[in-house]
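Chemist: Below is one structure. I have some questions about it.
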Amino acid sequence: MTEASVLPSPDAPPEVLPYDPFDPAYHADPYKVYEKLRAEQGQVIRTAAGVAVLGYQQISDVMRDSRFGRGDGAGVQDTMIPTDEGLRRAFMFMDPPDHTRIRSLVNKVFTPRTVERVRPQAEVFAAGLLTKLRAEHGDGQIDLAAHYFRPLSAYVLNVLVGVPEKYLERCIEFANDAGRGLDPEYTLNEAELRTRMAAREGFVDISVELIEQRRAKPEDDLMSELVAVEQNGERLTETELLTTAANIFLAGFSAPQAMMGLSALALLRHREQLAWFRAHPEKVANAVEELMRYDSAVQLASRTVLESADISGVPVAPGDEVFLMLGAANRDENFYENANTLDLTRAPSRNLVFGHGIHFCVAAPIARLVTQVALNALTRYDVALVTETPRTNGALAIRSLAELPVTLGESK
């Protein structure tokens, strides 16, 4: 199934966010909307459901403050994983002490070094995809979103986790249908809600099969390590193992392919930056951090107020929802000089695309690696945009391109 490019238009959407989540202009360029909101209403804006936070420092503070957590708000309910025990939350959407216990076990096996092991295979696969696309299409038009970023993202995660190659196409389809997996329920129509849940069920089915196989015969992959991990006598329960595996699939497919697309688009729109990127392959890691900051794949996250607090003087009460506008924070002029400028030579600094604090995104190492690999391989070709304004998938939480049509010239 393909990603939606047209949002539903309910008669009276809830007044939850300080902007219209169905406005095509927002999806074309959210940063203009953030700039206007910041200028007119400040860094913290009260809404009918709680507050929306735009400032870098304010969001960073909230993410490190134990008075803000997951709670039981709508932001958690929208992320539930179907299991035999009913809908259950993955550990990324838990609060301590459960989150602390499970995260410590997952961190033992899900490390940057573990992810780095798949780089050589990822580089070979990326180069092979582009060679094949160039051979098939010549100087004709190619949709990089469909034929490069999505299969590359799926392949890398499948190799890392240990998913058989026969499931590659199915995983790509599930990832497309789950592309709005973190969006508030009210922004999706009934058909989109059904496909989102069907994608989660599909990843659960694959996870159940793999867990069974790795219990019987461990291999050198992440799933085997998750099945076997133990610390101080603690192990993952069956439900925790299943929801963790499914969550890795959901996060590990959608966000990386979104980041690849937005980063490639930014480079191709800024030809002088593209030339610098090609001339400095040794700087790819820092360059990708700047690209992810400039156009953030993860635009929106949420927290629930657990204890009375204030955010820059704005009081919040237990049960209030806090909408963290990460894309706005990554363009905050109070933190970044010339924040609206793409500058690959910018001194490294922590952007908030993966979050901060105890809920820092577990899939961050995958996204970084696959984006570096994808751009390094792609920029060896003479690539040109067919349109400067390709369609997005209409998502609020994970901003992704529905398409990226280009022409792919000779390799350099």
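The values are calculated or read from the model by the stated rules, or taken from the named source; none is laboratory data. Everything quoted here is computed from the prediction, not taken from an experiment. Positions of Cβ are backbone-derived with ideal geometry, glycine not excepted, and every protein chain shown enters the neighbour counts.
Chemist: Do the conditions hold for A251, that is, is it at pLDDT 90 or above and either part of a helix (DSSP H, G or I) or loosely packed, with under 14 Cβ neighbours inside 10 Å (or both)?
Modeler: For A251, the condition - at pLDDT 90 or above and either part of a helix (DSSP H, G or I) or loosely packed, with under 14 Cβ neighbours inside 10 Å (or both) - is not met.
Chemist: Check region 34-52 and report whether any residue there is over 19 Å from L396 (Cα atoms), surrounded by fewer than 20 Cβ atoms within 10 Å (Cβ to Cβ), in contact with a Gly (Cβ under 9 Å, 6 or more places away or on another chain) and not basic (K, R).
Modeler: yes
Chemist: Still on this structure, I have one more. Being in a helix (DSSP H, G or I) and of a type in the set (S, T, Y) is the filter here, so list the residues in region 367-386 that pass it.
Modeler: T371
Chemist: Suppose the filter is over 19 Å from L241 (Cβ atoms), aliphatic (A, V, I, L, M), buried (at least 21 other Cβ atoms within 10 Å of the Cβ) and at pLDDT 90 or above; does L182 pass it?
Modeler: Taking the combined requirement at face value, the residue does not satisfy it.
So that you can scan it fast, the table gives a plain yes or no per residue for (1) outside any loop (DSSP other than H, G, I, E, B); (2) under 19 Å from V370 (Cβ atoms); (3) touching a helix residue (DSSP H, G or I) at 6+ places or on another chain (Cβ under 6 Å):
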| position | (1), (2), (3) |
| --- | --- |
| G75 | yes, no, no |
| T114 | yes, yes, no |
| R134 | yes, no, no |
| D139 | no, no, no |
| A145 | yes, yes, yes |
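For (1) assigned to a helix (DSSP H, G or I); (2) under 23 Å from E192 (Cβ atoms), each residue gets a yes or a no:
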{"site": "A25", "(1), (2)": "yes, yes"}
{"site": "K32", "(1), (2)": "yes, no"}
{"site": "V62", "(1), (2)": "yes, no"}
{"site": "D72", "(1), (2)": "no, no"}
{"site": "T79", "(1), (2)": "no, yes"}
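Chemist: Identify the single condition in (1) in contact (Cβ under 8 Å) with a residue 40 or more places away in the chain; (2) closer than 19 Å to A90 by Cα; (3) surrounded by fewer than 21 Cβ atoms within 10 Å (Cβ to Cβ) that A175 does not satisfy, given that it satisfies every other one.
Modeler: Going through (1) in contact (Cβ under 8 Å) with a residue 40 or more places away in the chain; (2) closer than 19 Å to A90 by Cα; (3) surrounded by fewer than 21 Cβ atoms within 10 Å (Cβ to Cβ) one by one, A175 breaks only (3).
Chemist: Here's something else I'd like to know. Only one of these conditions is not met by V16: (1) at pLDDT 90 or above; (2) surrounded by 13 or more Cβ atoms within 10 Å (Cβ to Cβ); (3) over 19 Å from the mean Cα position of the chain (by Cα); (4) under 27 Å from T392 (Cα atoms). Which number is it?
Modeler: With (1) at pLDDT 90 or above; (2) surrounded by 13 or more Cβ atoms within 10 Å (Cβ to Cβ); (3) over 19 Å from the mean Cα position of the chain (by Cα); (4) under 27 Å from T392 (Cα atoms) applied to V16, the lone miss is (1).
Chemist: Additional query: Answer yes or no as to whether V284 is more than 25 Å from L182 (Cβ to Cβ) and over 18 Å from the mean Cα position of the chain (by Cα).
Modeler: Criteria met by V284.
Chemist: Could you check how many residues of region 254-282 are at pLDDT below 95 and farther than 30 Å from V204 by Cα?
Modeler: Of the residues in region 254-282, 2 are at pLDDT below 95 and farther than 30 Å from V204 by Cα.
Chemist: Working only within region 319-333, note down all residues that are surrounded by fewer than 18 Cβ atoms within 10 Å (Cβ to Cβ) and either among the aromatic types (F, W, Y) or modelled with pLDDT of 95 or more (or both).
Modeler: Across region 319-333, the qualifying residue is only E333.
Chemist: Answer with yes or no whether L182 is within 27 Å of S400 (Cα to Cα), of a type in the set (A, V, I, L, M) and not in a helix (DSSP H, G or I).
Modeler: Yes; evaluated as a whole, the condition is true for this residue.
Chemist: Considering only region 314-361, how many residues are assigned to a loop (DSSP other than H, G, I, E, B) and either touching a residue at least 12 places away in the same chain (Cβ under 8 Å) or within 23 Å of the chain's Cα centre (by Cα) (or both)?
Modeler: Within region 314-361, residues that are assigned to a loop (DSSP other than H, G, I, E, B) and either touching a residue at least 12 places away in the same chain (Cβ under 8 Å) or within 23 Å of the chain's Cα centre (by Cα) (or both) number 29.
Chemist: Where the second residue is small (G, A, S) and surrounded by 14 or more Cβ atoms within 10 Å (Cβ to Cβ) and the first is in contact (Cβ under 8 Å) with a residue 24 or more places away in the chain and lies in region 273-284, which pairs have Cβ atoms under 6 Å and are six or more apart or on separate chains?
Modeler: Listed by first residue and then by second, the contacts come to F277/A287.
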